[in-house]
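Asks: Got a structure for you, written out below as structure tokens; questions coming shortly.
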Amino acid sequence: MNRTSRTATGLIALALACACSSPPGIVPLPAADADPLLRSCLARFPSGSFEVVHAIEATLPLGNASTVVGVSAWDAGSRTLSAALLAPEGIALFEASRFGKGDVSVTRALPPLDRPNFAHGLFEDLGFMYFAPGGGPSGSDGDVSAPQVGRYGDGSPVCRWSLEGSVVDLVSSGEGGFTLSEYRGSGEPVRRYEAGPTTSARGFPHSSRFQRTGPAGYSMRFTLVEQ
Amino acid sequence: MQPRSFGIGIDIGTAVAIAVVIAAVLPGRSLLAAEDFRELRQQAELVKSIAADFTQTKKMKLLKKPLVSKGRFFYSAPEAVRWEYRSPIRTVSLVKGGGVKRYSLSAEGTWRADSSSAVEGMRIVMEQITGWLAGRFDDGTLFVASLAPGERPVVMLSPRDKEMARFISRVEVRFSNRPGVVEAVEIFEGESTSTLIEFSNVRLNEAVDGRLFEGVE
């Protein structure tokens, strides 16, 4: 490799590194504009208790794919979450609950859903979808600071929660739709949840998609069945 | 974080459920009369096809109200099965030539094949299904069958294997007054979790379009 090539390679590497050096930048909004946007962001995580049934199309590493029925029940106030995965034929494959920030209590797990990391990972992902980022239902109590409100460089309004080692951005997209994105401090995307744009009468997205990035990444497409 | 896979559990769940339904829809009169499994085997040979509709009611503590699914079932001797859910989500399981495939209708409206990382688990269950289709209830590897006689008799299937018993405690096959017709099958998965499949419009030995076992459409 000659000197010019090495320099070009180095510049490309530097550019890539810079591209991932931090999460997307945001420009803070003045308070008068920030308050309505903050309320709109927090409204994505309604308080109360809920139960929903989804058809879940899971696309897994190595191209594996499966469809299951997912049942989720949660209470935003206590951040209690229960979940079950059923085969379409009715057999319960997995069932577990978590109270607040406690451990996941698994009551049923067929192989390979009995792997140690599965329950923890599933509940982390469901909590990401259903609960406001951070410690409490508003996302502003506990050990987490209140979300920062601003705009991306392209003008999209965003609410940003700064967590330990990561940030979570909520961007509204249309009438009822929104996107939640989590980035590591280095700017590397971790996971993303796109909801809507259409919602049910009770405000649940008819369709949504979760994606975890990385070599072991996977995605889940949720279609609302019952609420 | 380790990669996660839904494969094995789903396949076993699917296969067991298919096996139970096949067992349920097989000629009940033969079962009821059969103290002798050889007779049952001979009677099973008389069944060339089955077609039925079904309603499935899933109950579990987590569900405030039961989850109701509807579908239809086809069997053609010696080993072709189509088990189709039409609501609330659409899936089709096809059994033919010793192989099993399941297709799901995606949110985009296209059928996609469910892949499996557990072909071996499915193969074991398929051996059980093939045995039932041939009327061999007494040498099944997964379930032990026993009969509770009466006006509306019930056949109970208990898992032989402890691992299987962890997720299915027992299966009850309930017969109707009509000879040879199963009314319902209920799978008990624990104290508060069960799956009830009720059959209707059961037709035996009527012509079944062979294309039903070839693909989803």
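The values are calculated or read from the model by the stated rules, or taken from the named source; none is laboratory data. Being a predicted model, the structure only gives us computed values, none of them experimental. Neighbour counts run over all protein chains shown; Cβ positions are idealised from the backbone, glycine included.
Asks: Would you call A:V158 in contact (Cβ under 8 Å) with a residue 60 or more places away in the chain, within 24 Å of A:D33 (Cα to Cα) and not basic (K, R)?
Replies: Details: in contact (Cβ under 8 Å) with a residue 60 or more places away in the chain: yes; within 24 Å of A:D33 (Cα to Cα): yes; not basic (K, R): yes.
So A:V158 passes the test.
Asks: Can B:D138 be described as at pLDDT below 65, surrounded by fewer than 18 Cβ atoms within 10 Å (Cβ to Cβ), acidic (D, E) and in contact with a strand residue (DSSP E or B) (Cβ under 9 Å, 6 or more places away or on another chain)?
Replies: Here the answer is yes, as B:D138 does meet what is asked.
Asks: Here are some residues: A:F222, A:F210. Which one is part of a strand (DSSP E or B), closer than 22 Å to A:S156 by Cβ and of a type in the set (F, W, Y)?
Replies: Details: A:F222 fails: closer than 22 Å to A:S156 by Cβ.
On inspection, the qualifying residue turns out to be A:F210.
Asks: Do any strands (runs of 3 or more DSSP E) lying entirely in the range B:17-135 carry at least 1 residues that are more than 29 Å from A:V52 (Cα to Cα) and at pLDDT 60 or above, and which ones are they? Let's see the steps before the verdict.
Replies: Details: elements: B:49-59, B:67-76, B:80-87, B:91-96, B:99-105, B:111-113.
Ranges flagged: B:49-59, B:67-76, B:80-87, B:91-96, B:99-105.
Asks: Among the candidates B:V173, B:V185, single out the residue that is within 23 Å of B:A145 (Cα to Cα) and more than 12 Å from every other protein chain (Cβ to nearest Cβ).
Replies: Residue meeting the stated conditions: B:V173.
Asks: Now, a different point. I'm told A:A32 meets every condition in (1) more than 9 Å from chain B (Cβ to nearest Cβ); (2) outside any loop (DSSP other than H, G, I, E, B); (3) touching a Leu at 6+ places or on another chain (Cβ under 9 Å) except one. Can you identify the failing condition by its number?
Replies: Only one criterion is unmet by A:A32, namely (3).
Asks: Take the conditions exposed (fewer than 15 other Cβ atoms within 10 Å of the Cβ), more than 15 Å from the chain's Cα centre (by Cα) and modelled with pLDDT of 90 or more and apply them to A:S145. Does it pass? Spell out how you get there, then give the answer.
Replies: Details: exposed (fewer than 15 other Cβ atoms within 10 Å of the Cβ): yes; more than 15 Å from the chain's Cα centre (by Cα): yes; modelled with pLDDT of 90 or more: no.
Answer is no for this residue.
Asks: Restricting to the range A:74-124, count the residues that are out of contact with any Gly (no Cβ under 9 Å at 6 or more places or on another chain), of a type in the set (S, T, Y) and facing chain B (nearest Cβ under 9 Å).
Replies: So the count comes out to 2.
Asks: Just one of the numbered conditions (1) within 14 Å of chain B (Cβ to nearest Cβ); (2) among the hydrophobic types (A, V, I, L, M, F, W, C); (3) touching a residue at least 24 places away in the same chain (Cβ under 8 Å) is not true of A:L38; which one?
Replies: Just one mismatch for A:L38, condition (1).
Asks: Filter the range B:72-101 for residues that are among the β-branched types (V, I, T) and at the interface with another protein chain (Cβ under 9 Å from one of its Cβ atoms) and give the result. Let's see the steps before the verdict.
Replies: So in the range B:72-101, the residues among the β-branched types (V, I, T) come out as B:81, B:89, B:91-92, B:95, B:100.
Residues satisfying the conditions are B:I89, B:T91.
Asks: Counting just the residues of the range B:180-214 that are assigned to a strand (DSSP E or B) and of a type in the set (S, T, Y), which one comes out surrounded by the most Cβ atoms within 10 Å (Cβ to Cβ)? Can you show your working first?
Replies: Going through the range B:180-214, the residues assigned to a strand (DSSP E or B) turn out to be B:182-188, B:194-204.
Cutting the leftovers down to of a type in the set (S, T, Y) gives us B:194-195, B:200.
Working: B:S194: 19, B:T195: 27, B:S200: 13.
By that ranking, first place goes to B:T195.
Asks: What's the total number of residues in the range A:107-127 that are aliphatic (A, V, I, L, M) and closer than 20 Å to B:T195 by Cβ?
Replies: First, pick out the residues of the range A:107-127 that are aliphatic (A, V, I, L, M): A:109-110, A:113, A:119, A:122, A:126.
The next check asks that each one be closer than 20 Å to B:T195 by Cβ; those that pass are A:109-110, A:113.
Here the count works out to 3.
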